[in-house]
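The values are calculated or read from the model by the stated rules, or taken from the named source; none is laboratory data. Just so it is clear, the model here is predicted, and its values are computed rather than measured. Ideal geometry is used to build each Cβ from the backbone, glycine not excepted, and the neighbour counts take in all protein chains shown. To get the accessible areas, we keep the full protein, side chains included, count just its heavy atoms, and leave off ligands, DNA and RNA. Shrake-Rupley method; radii C 1.70, N 1.55, O 1.52, S 1.80 Å.
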Amino acid sequence: MPPSGPDLRAAIIGTGGYLPEERLDNAALAARFNLDTSDEWIVERTGIRHRHIAAPNQLASDLGAEAAREALTRAGVDAAEIDAIIVATATPDSAFPSTAARVQAKLGVTRGFAFDISAACTGFVYALSVADAMIRTGQARCALVIGAEVFTRILDWTDRGTCVLFGDGAGAVVLRAVPASEGRGILSCHLHADGTQGDLLSVDPAAQVVRMTGREVFRHAVTKLAAVVDEALAANGLDKSEVSWLVPHQANRRIIDAMGRKLNLPAERVVMTVDRHANTSAASIPLALAEATRDGRIQPGELVLMEAIGGGLTWGAALARF
Ligand code: COA
């Protein structure tokens, strides 16, 4: 049994991801929704080439459960060992039961607890932070943290400024309490919100679709992400040269490239999925983590920096040693 209290860390011992079967490229999207846009415009401004779209009968919990199954398998953990399931989502199955409770049921588990977190595209970093705190304090020993979105359900398909940017998917990690002396695990999480900027990126309460002032969000993203990354490194006495991998929220290639340049990281050390997944909101970081661990890029002992910004506004960063 690992010790409890300040000697514990939450290690990421498994990752998983799931993308719905249907893959739609920019030209097909424009044709399907009769949009005045082009593949060239979308690729140049965002880096997005295609995205996946959930089937009509698929809910966020279906995607989340698929990602969770892979994460559990890769961790070598039985679902019955999980005592906390936290799902970050902006597109829950319904107000309640929580999407996390639905995932729990789909995994066939009845022990432990489950709840959702709402922090839009920053949701995974928020959920990771909550799970980390619960593991460090002994409230949970083994946790599933999932980002799951059917974001294309809340898009206005007549608004070319938003509907080309998003996709559906889910990613998951299994966290386990390990002694801090092992040196691995989540080092720290740094969360922020500024509700006064909430209308820059929101779901219209009447129409239930996303509204965004893209240029303003872009401006906030570049400055706030740079600041929170500095905050995370400083909190751990680390220099940017010690970061092995940047695994950023995948909203826009230009934002990701700017963060890579800030950290002096070569492009091959920045995990990029936005070209193939588009922005999957809370799912984008765990999907990228799953891809880069599955293909052997992220290795044990390496330092991974995660950062995200989204509706709220919310933003945050997390540092983890694999
Ligand atoms: N196809 C073609 N033209 C488009 C378009 C599309 N899909 N979407 C917008 N445009 C047009 C606009 O109508 C505007 O035309 P106008 O000058 O005639 O009015 C022009 O392109 C420029 O619009 P603007 O919004 O200023 O473009 P931009 O360079 O800022 O790029 C985004 C738009 C959305 C790609 C960019 O602002 C962005 O990525 N913002 C951050 C969004 C984000 O990451 N959100 C999620 C955070 S979690």
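Odds and ends about this structure:
- Filter result (open to solvent by less than 10 Å² (accessible area, probe 1.4 Å) and of a type in the set (A, V, I, L, M)) within the stretch 262-286: 263, 271, 274, 278, 282, 283, 285
- Every pair of residues 6+ apart whose Cβ atoms lie under 9 Å, when the first sits in the stretch 196-213 and is within 21 Å of residue 150 (Cα to Cα) and in the same structural domain as residue 310 (by TED's automatic domain parsing) while the second is open to solvent by less than 50 Å² (accessible area, probe 1.4 Å) and more than 14 Å from the ligand (Cβ to nearest atom): 203/209; 210/204; 211/204
- Output for the stretch 181-201, where each listed residue is surrounded by 14 or more Cβ atoms within 10 Å (Cβ to Cβ), in contact with a helix residue (DSSP H, G or I) (Cβ under 9 Å, 6 or more places away or on another chain) and not hydrophobic (A, V, I, L, M, F, W, C): 185, 188, 190, 192, 197
- Options 206, 234; residue that is more than 16 Å from the ligand (Cβ to nearest atom) and either on the phi > 0 side of the Ramachandran plot or part of a helix (DSSP H, G or I) (or both): 234
- Strands (runs of 3 or more DSSP E) contained entirely in the stretch 11-116, each with at least 3 residues that are away from the ligand (no atom under 16 Å from the Cβ) and either aliphatic (A, V, I, L, M) or touching a residue at least 12 places away in the same chain (Cβ under 8 Å) (or both): 84-88
- Residue in the stretch 220-228 that is out of contact with any strand residue (DSSP E or B) (no Cβ under 6 Å at 6 or more places or on another chain) and in contact (Cβ under 8 Å) with a residue 60 or more places away in the chain present: yes
- Sole exception among (1) open to solvent by 30 Å² or more (accessible area, probe 1.4 Å); (2) in contact with a Pro (Cβ under 7 Å, 6 or more places away or on another chain) for residue 259, by number: (1)
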